[in-house]
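The values are calculated or read from the model by the stated rules, or taken from the named source; none is laboratory data. No experiment lies behind these values; they were computed from the predicted model shown. Cβ placement follows ideal geometry from the backbone for every residue including glycine, while neighbour counts extend to all protein chains displayed.
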Amino acid sequence: MIASVIGHRVRSLVVAAAVLVTLVPAAVAQEAPPAGRVDAAGLKALLNTLGYQPRESRNEAGVEYEIVLRAADTRAITTRVTLSKDGALVWLVAWLKRVPTNRTISGNAVLGMLIENDAIGPTHFSYNEGRRWFFLNKPVVNVDLTAERLRGEFTHLGATVSRTEGLWDPDRWKK
């Protein structure tokens, strides 16, 4: 009887160990970013490689880096760079302009931005009502992201900001 109980316990321990050996590598693999994806540290390294000195902060998705892009027309564009919550995307968010509190937001301007969203999608305009600020948001697929590819995405973002200024800048709206 004792031998039977001991044998049963040994078999139970062997089965439990086999389950752990199977599950632990899978759990560890889920914690590491998939091959070809950068994590927050890798994203910062890419920004440093491109010559940026990102200011680091935290948001609901994790670490966020703030840099200042220089568009071809030499304008400075404050841009936040962050990973999506699942790490599948790198978001480039250009801070465009604050709408003064004494200014009404033009329906024609909003309509123009919505129309432009169709042309530039998945890049898109957004507005934060609390800050009264317009943004241009550009998702970048986080697969095999290199410094050169990221530089190209920044160049495209800067060109789009410059080309669409008449849509998002309240000083350029017709009165």
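Here no strands (runs of 3 or more DSSP E) wholly within region 78-175 include at least 3 residues being outside the structural domain of I67 (by TED's automatic domain parsing). For the residues R75, R70, R103, R80, the requirement of being at pLDDT below 95 and farther than 20 Å from L167 by Cβ singles out R70.
One residue stands out among those in region 159-175 that are touching a residue at least 24 places away in the same chain (Cβ under 8 Å) and touching an Asp or Glu at 6+ places or on another chain (Cβ under 8 Å): the one that is surrounded by the most Cβ atoms within 10 Å (Cβ to Cβ), which is L167.
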